[in-house]
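Remarks on the structure that follows.
Please treat every number below as a calculation from the coordinates, not as lab data. No experiment lies behind these values; they were computed from the predicted model shown. Backbone-built Cβ (ideal geometry, glycine too); neighbour counts: all protein chains shown.
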Amino acid sequence: TVFLGHEFSAPLIVAGMTGGHSLAEKINAAIAEAVEELGLGMGVGSQRAALLNPALEETFSIVREKAPTAYIISNIGASQIAMDLSSRDLEKIIDMVKANALAIHLNPLQEAVQMEGEPFYKGFLDKAQEIIEDCEVPVIAKETGAGISKEAAEKVVKAGFSAIDVGGLGGTSFSKVEYYRALNNGDKEMAEISKTFSNWGIPTVLSILEVRTVTNLPLIATGGIRSGVDIAKALRLGADLAAVGRPVIQAAFKEGSQGVKKYLKRLIKELRITLFLIGAKDLEELRSKPVVLSPRILNWINQRKLKIPI
């Protein structure tokens with residue numbers, strides 16, 4: 001599998017999730033060791049914490065130390081870009097992990113329901129365009145659990161992003177995360193607001209179809225990918241890579257690098273079995289196999305006037 005010029009042993013990466021706290025260094029090191037050995041890639045969580053406190057840089061830089069040849073994606077929020085992140089800071093986060101690409105994460109939902117959230121998006125696309133023109137690595141637009149619509153995808157394409165990570169509804173809900181954080185902090189109002197939006201967003205499958213209706217940009221499917229069968233479905237519908245998050249952190253937490261390796265190997269084996277069962281000798285052939293879409297998906301396709309993945 002080739003994605004943004006890099007060859008992967010399988011169409012699978014680990015989604016950017018963590019960094020900037022005491023456990024993060026250990027977890028990121030375990031994930032990095034696993035993806036290095038398996039010829040895959042990984043993202044890191046938002047590096048904003050390391051910009052605010054340089055003592056936390058090691059929780060991110062450990063990734064490149066443990067994975068000298070793997071594909072590494074650095075990460076910063078759209079709100080930070082909109083609030084005039086300096087070009088020096090941008091260079092710093094890319095250099096921190098010697099990144100192959102930069103993900104700008106779009107999390108308006110989380111910022112809006114977070115107690116200390118910064119839902120500042122005004123002027124983001126113009127500023128992103130400037131950054132993309134100057135950036136030495138490809139820039140990925142990455143949603144974080146609410147998915148990307150075809151209208152949003154068109155704006156992303158116009159701004160010059162190199163790839164899209166749909167980050168669809170179906171995996172970790174950051175609105176639910178904020179619900180529990182607000183409860184723990186005794187903020188009942190924000191807890192209720194977070195709860196209201198806990199199922200807000202476009203499911204991953206539908207977000208792939210939304211994006212593919214308007215662009216052929218390289219596409220990552222993230223959000224509820226839990227098996228090799230899920231990966232096969234995502235690829236057949238138009239994704240180039242699939243990314244997994246929460247189960248990898250759980251594996252790293254319980255069994256370290258070996259646990260992550262075991263889990264990722266299982267996903268790859270399940271993908272191979274899926275290809276075998278549908279009679280596809282490779283991923284290219286998988287993409288030409290017939291699909292059966294549920295009434296719910298067809299209804300969405302019809303209402304939204306999306307392309308059917310023939």
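Data for the structure
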| read-out | value |
| --- | --- |
| Residue that is surrounded by the fewest Cβ atoms within 10 Å (Cβ to Cβ), among those in segment 245-291 that are of a type in the set (Phe, Trp, Tyr) and closer than 19 Å to Ala15 by Cα | Phe253 |
| All positions within segment 44-70 that are farther than 27 Å from Lys127 by Cβ, in a helix (DSSP H, G or I) and of a type outside the set (Lys, Arg) | Ala55, Glu58, Ile62, Glu65 |
| Residue in segment 22-43 that is touching a Gly at 6+ places or on another chain (Cβ under 9 Å), closer than 27 Å to Tyr121 by Cα and crowded, with 23+ Cβ neighbours inside 10 Å present | yes |
| Positions within segment 175-191 being part of a helix (DSSP H, G or I) and surrounded by 13 or more Cβ atoms within 10 Å (Cβ to Cβ), in sequence order | Ser175, Lys176, Val177, Glu178, Tyr179, Arg181, Ala182, Leu183, Met190, Ala191 |
| Per-region count, segment 93-135, residues aromatic (Phe, Trp, Tyr), over 22 Å from Gly43 (Cβ atoms) and surrounded by 19 or more Cβ atoms within 10 Å (Cβ to Cβ) | 0 |
| Odd one out for Ile73 among (1) assigned to a helix (DSSP H, G or I); (2) within 19 Å of the chain's Cα centre (by Cα) | (1) |
